[in-house]
Structure formats: structure tokens, C-alpha cells
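Down below is the structure, laid out as C-alpha cells.
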Amino acid sequence: MAKKFNLLIVDDEESLRTILETELAETDEFTVDTASDGGQAINQIQAKVYDVVLLDIRMPRVSGLEVLKFIQEYSPTTQVIILTNYADVKTAIQTIKLGAYDFLAKPYDIDEIFNTIHRAIERKQLFIDNKLMKNELTRRTGNFELVGQSPVFLKLVESATRFAESDSFVLIQGASGTGKELIANLIHRRSTRNNRPFVAVNCASIPDTLLESELFGHEKGAFTNAYVTKQGLVEVANGGTLFLDEVGDISPAIQPKLLRFLETGEFRRVGGTNLLSVDVRVVTATNKDLRAEVAAGKFREDLLYRLNVVTLRVPTLKERKEDIPILADFFIARKNKSKTPKTLSAGACDLLMAHDWPGNVRELEHVLEGAVLLASGDVVDETDLSMYFHRGEKPTMHTGSTELPADPGCLSLEDLEKIHIERVLRQFNYSRARTADALGISKKTLYLKIKRYGMKVAD
């Protein structure tokens, strides 16, 4: 069963609250709370993260307008639907400008209420996706395909799928580049939380001084430049899965706060005094031996025990070499930008199989990305891999004004792209139209690349 969405009904009319609560709670979609006035609503919002608030405008003491302003500052992902009567429609429209999602006029049609709530939840998800996109711009997103048929890999996928059905914490161990985040995402997609956010946090890439704020949020004025209240990623992930990558790099100062959150689901924003509670499943990953880190005094033993309720080990690429041809075909198809499909030659496949791949799947992907750029035909062969693997003497490759020796060392992808563009230009007698078509890019993009790399070609 999918995780329920949290709703709060705020109205001083008891009969109306009861009707709405009864109708909404009858479904398996929502967990419904109620508040009889604005002050009570604010207290409840400070203690629990709500997806949608149904809010009456006219209430004694603390008005709905004040509650709306509080929600906008304190919990901006929470969607507010204004409850009003026809006499207050003008005021309700003004609340839209203040951030409310929509308004409903009395008497309420229950189908309209359900439809509006569903649209509000969709809007919240779009808001979260945008927030995560900004926070995780440098992370790889959007492609979670698991590729492999080796027994050790299939066993890992089977175990991850089985564990996904529970809410237990999972610790994923494996060397860098093995695909730990893909396994974490598989667990989320096969869980009952798959209709809620999957929030990935790379703990190693965030400084200690910012990690606590990123995870738990902060209050306005908590520190220099904290101009507004900020929700933490644990709030964004509410109801879903929080993936803490490289958890072994979390500093000793943050570890006890993380432990308390894992044990209780409760936390305080930086600079805040209110205790908030969320419902998230935590999946962690590390390339370190956490038991050795515990022995060295760098990682809390009680935190380790809390994290590894279930442990999954991701094999290295060296341990699943039979998957290399499948992975190679997958990466070549994904990296190839031309209209003509490319394949891997038998000799190139032998070179890939002979390598130990210390950088694992990530290294294989980057090697093939460069090889696809170098391949002038529809086959990626040994010559295209010569800069990475050396089997005897290799001839010098001439590419117009640029020469690529057999042992050029490590070239950047920009260098490879320049070499490949020059080669294709020569192949088509410097016809920009035919070159752009072969490369699978527009003539404008080709022109900009020629200008960027300072290539001297005939107009």
C-alpha cells in the first residue's frame, strides 16, 4: 500500500470539520488531522509536516490569512487550499497571490475537493522535483536502468527487491563507481513509498558546516545569510526515501544528531526550538569499511548498528566481468549522438574484458564515452581504445592539425571531441552540413564548437 498523504483541516465550524474529516479519512489516501482555530493549526504545523492544508479564512483570534503567511515561511512545500463562502471570494483570490494553491467556495462538492487536493499534491511534487534539481544539479539523475546478467549481480538485485518491501534501514556497501545509488533507487521504486520523493544527499560533497542545515533545515536568522526559513531535505523526503550517499564521511559532530533522527524520526531545524517529526525511510551507502572506521574512532558504533539493519554489498566490475559486453553495448548506445548505431568490435571487447577496472562501472562508462567520440565509423574498435589500453605498438593517428600518438596519456573529453570533429570534417571534405548530420548535431552547434576549439576550416 502506498504511503498516505498528510492533510490538515482548519475550520472553526465543528460540523464542517467533521464532515470533511469523515469523507477524506474514508479513503486509503490520506491521514487527516483537524484544528479548530488558527493558533492550534500553527502549533500542529510546527510539529508535523503536512502535504495539504484545507484552511478557512474567517476564524477568531488567529485568522486564516495569518496561518497562510506562517505556512509560506515555515513550510513552503505545504499546499494550502482556502475554504471560503461566496461573500469572501474576493479575499480568497487575494490569498492566491500570497501563495495559496486554490480556493473552494461553500457549499463544497466532495468530488471537487478530492480533485483539488490531488492537483495540489501534484503541484507539491513538481515543487520538490524542482528543488531537488537545483540541489542535485551535478548528480546524475533520470536514468536508473540496472544492466547485468551475472549471477552475483542478479543475486544483489533479488536481495534489494526483497528488502524493498519492508521499511528497514538498508546500508549499501561497495567501491566507488559500482552503482550504489542505482540500487538505492531500485529499493525506493519497489517499495510502498514509490509515489513519494526519492531524495539523494552526497554527504561527502557538502561541508560539515552546511550538512546539518541541508538535512534538517534552518530558521530565519539562525546564522549569517540565513535570510529566510529553509526546509531541510528530510522534510522534502517526508513519506518517501532519504538516500545518504557516502555516509561514512559524515563528521563526528553531525553523527549524534543523525542517530537521534534515525531512532525517533524527530529533529530540530538549525536555530529552531520546535521538534518536528517526519516519516522517511533511510537508505545509506558507503565505500568505506565502517567497522574499521569505528575501531579508529571516526564513526559511532551505535550509529553503525542503526544503519546496517540490512546490508547489501555491490560487487566490483572485476567480480562481474561477464557483464562487461552488456554494459558496453548499453553505454555505446547511450553515448552515441549520431544517427548511425555503433557496435563494439570483438577485439575491443577483448581489451575491455582483460582490464581490471579499478574505477568500476563508472570508469567503463567514461572510457566508452571517449571511444564513441573517436570512432569515425559504425564500429568502436581497438584503435578507438588505444589511449586507454596498449597491446604492442600502435601507429600514430593523424587527425588533420592534431596528432594523437599511441600513448597520449589521459586526454580530456574536450580534447577527444575536438579530435573527433576534425576527423569527421576531413572525412566529409569540410562540409559542415554533412559533418553535423553525421555527428547528430545541428549546424549551429557544429559552428559553435568549431569556433570554441579554434579550428581553421574552409567556409
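The values are calculated or read from the model by the stated rules, or taken from the named source; none is laboratory data. For clarity, every value in this text was computed on a predicted model and none was experimentally measured. Note that we place each Cβ from the backbone using ideal geometry, even for glycine, and neighbour counts take in every protein chain shown.
Residues in the range 17-36 that are among the aliphatic types (A, V, I, L, M) and in contact (Cβ under 8 Å) with a residue 60 or more places away in the chain: Leu20, Leu24. Selection of the range 251-274 for residues being out of contact with any strand residue (DSSP E or B) (no Cβ under 7 Å at 6 or more places or on another chain) and either over 22 Å from Gly239 (Cα atoms) or among the small types (Gly, Ala, Ser) (or both) yields Ser251, Pro252, Ala253, Ile254, Gln255, Pro256, Gly272, Thr273. Does Asn195 fit the bill of being assigned by TED's automatic domain parsing to the domain that holds Asp245 and either over 18 Å from the mean Cα position of the chain (by Cα) or more than 18 Å from Val278 (Cα to Cα) (or both)? Taking the combined requirement at face value, the residue does not satisfy it. Identify, from the list Leu182, Leu210, Leu215, Leu171, the residue that is under 25 Å from Glu73 (Cα atoms) and surrounded by 16 or more Cβ atoms within 10 Å (Cβ to Cβ). None of the others qualify; the one that does is Leu215.
For the range 103-111, the criterion of being surrounded by 13 or more Cβ atoms within 10 Å (Cβ to Cβ), in the same structural domain as Ser36 (by TED's automatic domain parsing) and either at pLDDT 90 or above or of a type in the set (Lys, Arg) (or both) is satisfied by at least one residue.
Per-residue answers, yes or no, for (1) under 30 Å from Thr22 (Cα atoms); (2) outside any helix (DSSP H, G or I); (3) modelled with pLDDT of 90 or more:
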{"residue": "Thr95", "(1), (2), (3)": "yes, no, no"}
{"residue": "Arg139", "(1), (2), (3)": "no, yes, no"}
{"residue": "Glu145", "(1), (2), (3)": "no, yes, no"}
{"residue": "Gln149", "(1), (2), (3)": "no, yes, yes"}
{"residue": "Leu171", "(1), (2), (3)": "no, yes, yes"}
{"residue": "Ala175", "(1), (2), (3)": "no, yes, yes"}
{"residue": "Asn185", "(1), (2), (3)": "no, no, yes"}
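Answer yes if at least one residue in the range 250-266 is buried (at least 21 other Cβ atoms within 10 Å of the Cβ) and more than 22 Å from the chain's Cα centre (by Cα), and no otherwise. No: zero hits. When you look at Val201, is it buried (at least 20 other Cβ atoms within 10 Å of the Cβ), β-branched (Val, Ile, Thr) and touching a residue at least 12 places away in the same chain (Cβ under 8 Å), yes or no? Here the answer is yes, as Val201 does meet what is asked.
The residue list Gly271, Gly248 contains one member that is without any contact (Cβ under 8 Å) to a residue 60 or more places away in the chain and at negative phi, which is Gly248.
Look at (1) surrounded by 14 or more Cβ atoms within 10 Å (Cβ to Cβ); (2) without any contact (Cβ under 8 Å) to a residue 60 or more places away in the chain and you find that Ala296 fails only one, number (1). Considering only residues that are among the acidic types (Asp, Glu) and more than 31 Å from the chain's Cα centre (by Cα), which ones fall in the range 1-53? Result: Asp11, Asp12, Glu13, Glu14, Glu21, Glu23, Glu26, Asp37.
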